[in-house]
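S.K.: First the structure, which I've put down as structure tokens, then a few questions once you've had a look.
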Amino acid sequence: MCRASGPSFTMTALSPLDLLLEGGACLTSMDAKLSGSGLILIGLGPGDLGLMTKHAIDAARDADFRFLEGYTATLPSDQESSLTEFLGEWTMMMRPDVENPTKLLDLAERSSVALLVVGDPMHATTHVDLLLRAKDRGIPTLVIPGISATSLAVTRSGLQSYRFGRQITLPYSYGDYLPTSPLALLFNNLSNNLHTLVLLDLDPTGMGVKTPVPMSPGQAVEILGRMHDRMDDNDNTSLPPDTAILEWEAMLLSDLGTPDQSLYSGSLKDIARVQSGRIHCMIIPAALSEMERAAFERFRI
């Protein structure tokens, strides 16, 4: 059981992160509810407000203040425009105010504050850091999970969840700087016969202060190619035998969890030509089993 001072909590079992926070402000379980001031991280789901849990809806509506975190992921414009009617008045909050949350935590000391996050709130290290900062200040906290694109990618693709290795984020280049570590991690997954979920960057500036600009499939393939070219020049990097990246098989998953979701499979060269969709991720598969091959071929371009 979670130990918390005062009447701020009703709770049940703890997750590993609950145990990390135990002893100060306490991250509570799905059955918990803040009864006073505190910080609530609420998962909105992947982009369709209809996929929010009742627990998430009730907590968001009951909060004194609502902030929509707008840089780790975004809602489709029609869903964002419906947010006020659905949950109540809210304010956009970008990266600087989440990573330097003094004002947010000051408010949470005297009011109930909901930070609304597209997908699941605990899939970003920024939000874990935010909870730890709240714990240091003795502020009660609550996390309400949401459906994430990460889980939907496995569900929709038909590939086996236990065969996925470490996921990677494909970043925009910043000037001349373009890290090759994401591609090295992808190669490591392939060498262990594991699929790779590739999340595409949302912010060309890297600052998290402007409206995100999701990376397109064509940009993603071009960046993978540039990473590969840079790795070729690095004698310390071990490349897989087949390095014709444009011929690699891939699956493109666009607008997951929304009415506009679409999936395409083929070579990276094929994927690069896809123009539709707002926000994307990709799967680079390892060797496919017979069942996985059948699932993959359903979406062949």
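S.K.: With unit charges on the beta carbons (Lys and Arg positive, Asp and Glu negative) and the dipole taken about the Cα centre of the stretch 150-297, which residue among Pro285, Val221, Val154 sits farthest to the positive side?
M.R.: Towards the positive end, the residue furthest out is Val154.
S.K.: Limiting things to C-alpha atoms, what are the Rg and the maximum Cα-Cα separation (Dmax) for the stretch 111-171, in angstroms?
M.R.: Here Rg and the maximum Cα pair distance are 14.9, 44 Å.
S.K.: A follow-up question, please. Mind running the shape call on the stretch 150-297? Use the C-alpha gyration tensor, a ≥ b ≥ c as the square roots of the eigenvalues: rounded below 1.5 for a/c, prolate if a/b tops b/c, oblate otherwise.
M.R.: Since a/c reaches 1.5 but b/c is at least a/b, the shape of the stretch 150-297 is classed as oblate.
S.K.: What's the percent breakdown of Cα-Cα distances in the stretch 64-156 across 10 Å bins, shortest bin first?
M.R.: Result, from short to long distances: 14, 49, 30, 6, 0 percent.
S.K.: What number, in percent, do you get for the relative contact order of the stretch 150-297 if the mean sequence gap of Cα pairs under 8 Å and at least 6 apart is divided by its residue count?
M.R.: 28
S.K.: Counting other Cβ atoms within 10 Å of each Cβ, which GluC sites (Glu not before Pro) in the stretch 52-137 have at most 16 and sit in a DSSP loop?
M.R.: Listed in order of number, the matching sites are Glu89.
We did not get these values from a lab; they are worked out from the coordinates using the rules stated. The shown structure was predicted, so the numbers you read here are calculated from the model rather than taken from an experiment. Positions of Cβ are generated from backbone atoms using ideal geometry, with glycine treated the same way; all protein chains shown enter the neighbour counts.
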